[in-house]
Amino acid sequence: MRAAILTLSDKGSRGERADASGPALSAWLAERGVETAHTEIIPDEADLITATLSQWADSGLYDLILTTGGTGVSPRDVTPDATMKVLDRVIPGFGEVMRMRSLEKTPHAMISRAVAGIRKQALIINLPGSPRGAIENLEAVWPAVPHAVEKIQGDTRDCAPST
């Protein structure tokens, strides 16, 4: 599986803050045998996020595209809105599980607007901007990610044994 990580941060894109989430996610993925083929930091601009996600998914180079940052309710938190514009199909269960798991740690999980879904043959998942939050959310949904990617890319095997 090949992944790409898009960090959304106004300060990070200007070099005013180091990105800790992107490298943390890349290291976490590497431990699971997933190659992070591309990373990028861009500002919280909806049109730029939409264009980048579309380009990456349409290229066919990445099976999994992770975003980190911009999933809350601040005026500049536009990642879910931009992501929804590019998705062919939404997978609501990913966001539901991430919020449910995060609620075990903080009531602020209720204001996460993270979404996940499919564009072409890529799975796109929005994650929080903090390294710990990003990893915890990815861990919550990871048991389904490899299977989802296989299905998105055309695997026709049954999901469960017939009885």
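Results, tabulated for the structure shown:
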| read-out | value |
| --- | --- |
| Among (1) surrounded by fewer than 23 Cβ atoms within 10 Å (Cβ to Cβ); (2) within 19 Å of ALA148 (Cα to Cα), the one test that LEU123 misses | (1) |
| Positions within the range 38-66 being closer than 18 Å to ARG119 by Cα and free of Cβ contacts under 8 Å to residues at least 40 places away in the same chain, in sequence order | HIS38, ALA46, ASP47, LEU48, THR50, ALA51, GLN55, SER59 |
| Condition met for GLY69 (of a type outside the set (A, V, I, L, M, F, W, C), under 15 Å from ILE49 (Cβ atoms) and in contact (Cβ under 8 Å) with a residue 24 or more places away in the chain) | yes |
| Subset of the range 58-106 that is surrounded by 14 or more Cβ atoms within 10 Å (Cβ to Cβ) and of a type in the set (S, T, N, Q) - its residue that is farthest from GLY129 (Cα to Cα) | THR83 |
| Lone unmet requirement of (1) buried (at least 16 other Cβ atoms within 10 Å of the Cβ); (2) free of Cβ contacts under 8 Å to residues at least 40 places away in the same chain for GLU31 | (1) |
| Qualifying residue in the range 46-57 (condition: closer than 19 Å to SER130 by Cβ and either surrounded by fewer than 17 Cβ atoms within 10 Å (Cβ to Cβ) or in contact with a Gly (Cβ under 8 Å, 6 or more places away or on another chain) (or both)) | yes |
| Condition check for SER21: surrounded by fewer than 21 Cβ atoms within 10 Å (Cβ to Cβ) and either under 16 Å from VAL141 (Cα atoms) or among the hydroxyl-bearing types (Ser, Thr, Tyr) (or both) | no |
| Out of ALA82, ALA109, ALA37, ALA51, sole residue that is over 22 Å from SER13 (Cβ atoms) and of a type in the set (Gly, Ala, Ser) | ALA109 |
| Residues that are farther than 10 Å from GLU40 by Cβ and either surrounded by 15 or more Cβ atoms within 10 Å (Cβ to Cβ) or modelled with pLDDT of 95 or more (or both), drawn from the range 9-18 | SER9, ASP10, GLY12 |
| Output for the range 109-163, where each listed residue is part of a strand (DSSP E or B) and among the small types (Gly, Ala, Ser) | ALA116, GLY117, ALA122 |
| Cβ-Cβ under 7 Å pairs, at least 6 apart or on other chains, the range 134-148 side among the small types (Gly, Ala, Ser), far side surrounded by 17 or more Cβ atoms within 10 Å (Cβ to Cβ) and part of a helix (DSSP H, G or I) | ALA134/SER21; ALA134/ALA24; ALA134/LEU25; ALA140/MET98 |
| Matching strands (runs of 3 or more DSSP E) fully within the range 1-94 where at least 3 residues are under 13 Å from LEU123 (Cα atoms) | 2-8, 64-68 |
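The values are calculated or read from the model by the stated rules, or taken from the named source; none is laboratory data. Quick caveat, the model's predicted, so the values are computed rather than measured. Here the Cβ is made from the backbone with ideal geometry for all residues, glycine too, and neighbour counts use every protein chain on show.
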